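Structure first, then comments.
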Amino acid sequence: MNQENLEEILGNIDISGEAPVLEPDRQYYFMKKARTLVKEKSEALGRPLTFCVNTFGCQMNARDSEKLVGVLENIGYVEKQEEDADFVIFNTCTVRENANHRVYGRLGQLHAKKKKNPHMMIALCGCMMQEAHVVEKLKNSYSFVNLIFGTHNIYKFSELIVSALTSDRMVIDIWNDTDKIVEDLPAERKYSFKSGVNIMFGCNNFCSYCIVPYVRGRERSRSPKDIVREIEQLVADGVVEVMLLGQNVNSYGKNLEEPMTFAGLLQEIEKIEGLRRIRFMTSHPKDLSDELIEVMKNSKKICRHLHLPLQSGSSRILKRMNRRYDKEQYLALVEKIRAAVPDISLTTDIIVGFPGETEEDFLETLDVVEKVRYDSAFTFIYSKRTGTPAAVMEDQISGEDVKDRFDRLLKRVQVIGREMSSRDTGTIQEVLVEEQNEHDKSLMTGRLSNNTLVHFPGDASLVGSLIQVHLDECRGFYYMGTKVG
Ligand code: SAH
Ligand code: SF4
Ligand code: F3S
């Protein structure tokens, strides 16, 4: 949806009548209504109203926040980085306990700011809001919050803003699940040249430690037609790289009326003229097909990077995690991928300290790390999530042993990552230029197909273009380079 089309639609809406029942028309109606409310408020104040969206968690949440910003800018709010804005929104994550602590901490600080700015509105949304005990706590102890909504009804943001702007009480709207996907709503991209694109929502895997299936609901795939149309519009608007988003992209399309595989979808997207790079996230090892490996091998656009979460290298722990692959299957898969796409860079997620994990189990994880040699790995200490099967397993572990394992793992992962990252030193590679370096304005920062960062002398006019860069020197996880040609 581009701005012109949206303006045309909004121009034809009459807000003196009843709100339409069908989506997305209903949201267009509320968008227009919100515009008048925001205009009245800012005229009374004699200045524009400002907003600040704070995003926690994964790429899904980052993309959701772009949708929130799209609505806010459309109805007349102006973005401001600081948290003393007139409308502060926290898009929350609950995958680990410390993510929740951070939100409560920040809310405390916000309360002080709100006392100074009586116009200030505070909204909370995202995964944490899908947990009943969180909403209960907010109702009881954080009554200064204006609006709370969840992950399933984020498309209703315009309507919810109108409710919040016209009510003195906390507005709460949380759905347990949904089978609905609402298309054609605005989103404001953070980068002009690249964008995330949701291809599916939810997760059906129920890994025993993970809260995501409970807060994001059951798996739903968007139709290939809608996805391709969105990417075509993005490309027409200057986007050259897309990141296809889903908790498990390898199970894409299973529940569509006309089923389609993820590999099939990738082939359709590859055909889009003007699109130069395709990334995706995340791939569950259990569903990674030979068809996908073949498509990656033959593709000119799919990037040479695969994020393949391991979680644990112990087959015994993997079984308890309900991951549905074992150590040998994972290693065989890696071998198959490397044989087909030798220059691929592999990254992963690993959990340390899952209930019942012994030193022997941990050594199995280290063994996989040594064998696979990841370019980088996100390592996490197991966090108990209420409501998940692992939370009630009897052999919970914690303390020094776990901390010690975590440190040992991190050290190995970093040493190997450095060695792996430097393997292209001295070669010329294609780089998508992303931004001017924050610390040194004479340098530009870009990304290789395999996701490694490169800094090189250049100017801001290069942002968004694909250029050839000689990789002069590897410094840990990034390169210093020189533009060629
Ligand atoms: N869908 C993705 C992961 C999404 S969550 C996948 O299956 O790969 C991102 C990562 O957070 C997971 O890969 C896992 O390593 C980590 N994680 C999830 N739940 C966790 C928990 N309870 N404690 C610690 N880490 C967890
Ligand atoms: Fe969580 Fe597993 Fe689903 Fe990933 S695949 S979101 S780890 S349940
Ligand atoms: Fe967090 Fe929700 Fe993503 S729990 S990791 S923001 S899906």
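Label zone of R35 (point 7 Å out along Cα→Cβ, amide N under 12 Å): in segment 76-91 this covers 76-77. Full extension of the chain segment joining D177 with A332 gains 52.1 nm, where the gain is 0.36 nm per residue of separation less the Cα-Cα distance.
Put a dot 7 Å past the Cα of V484, heading toward its Cβ, do the same for Q3, and the two dots end up 3.9 nm apart. First select every other residue whose beta carbon is under 14 angstrom from the beta carbon of E328; then total the charges, Lys and Arg +1, Asp and Glu -1. Combined, the nearby Lys, Arg, Asp and Glu give +4.
For segment 425-481, what relative contact order do you get, as a whole percent, if you take Cα pairs closer than 8 Å and at least 6 residues apart? This gives 39 percent for segment 425-481.
The distance separating the Cα centre of segment 3-77 from that of segment 298-325 comes to 39 Å. Each residue of segment 159-175 was assigned a 3J(HN,Hα) from its phi angle through the Karplus curve 6.51 cos²θ - 1.76 cosθ + 1.60 (θ = phi - 60°); the sequence is 5, 5, 5, 4, 4, 5, 5, 10, 10, 9, 10, 5, 9, 10, 9, 10, 10 Hz, with glycine and proline shown as x. Once you list every other residue whose beta carbon is under 11 Å from the beta carbon of V341, what net charge do they have if Lys and Arg are +1 and Asp and Glu are -1? Net of charged neighbours comes to +2. Dimensions of segment 49-170 based on its C-alpha atoms, expressed as ranges along the principal axes with the largest first, amount to 35, 30, 25 Å. Restriction of the GluC sites (Glu not before Pro) in segment 360-453 to DSSP coil positions whose beta-carbon has at most 11 other beta-carbons within 10 angstrom yields E394, E438. Using a 7 Å offset from the Cα along the Cα-to-Cβ direction at both E136 and K113, what is the distance between the two label points in nm, to one decimal? That separation, rounded to one decimal, is 3.0 nm. Label sites at L22 and E360, each approximated as a point 7 angstrom past Cα along Cα to Cβ, lie 6.3 nm apart.
Loop-located GluC sites (Glu not before Pro) across segment 264-354 with a Cβ neighbour count of 13 or fewer within 10 Å are E273, with loop assigned by DSSP. For segment 459-468, putting each phi into the Karplus relation 6.51 cos²θ - 1.76 cosθ + 1.60 with θ = phi - 60° gives couplings of 10, 5, 5, 7, 4, x, 9, 9, 10, 8 Hz, in residue order, rounded to whole numbers and with x for Gly and Pro. Note on the chain: antiparallel DSSP beta bridges, both residues inside, total approximately 35 percent of the bridges counted.
Here, each number is a calculation from the coordinates, and none is a lab measurement. Note that the structure is predicted; figures quoted are calculated from it, not measured. Glycine gets a Cβ as well: all are built from the backbone with ideal geometry, and neighbour counts include every protein chain shown.
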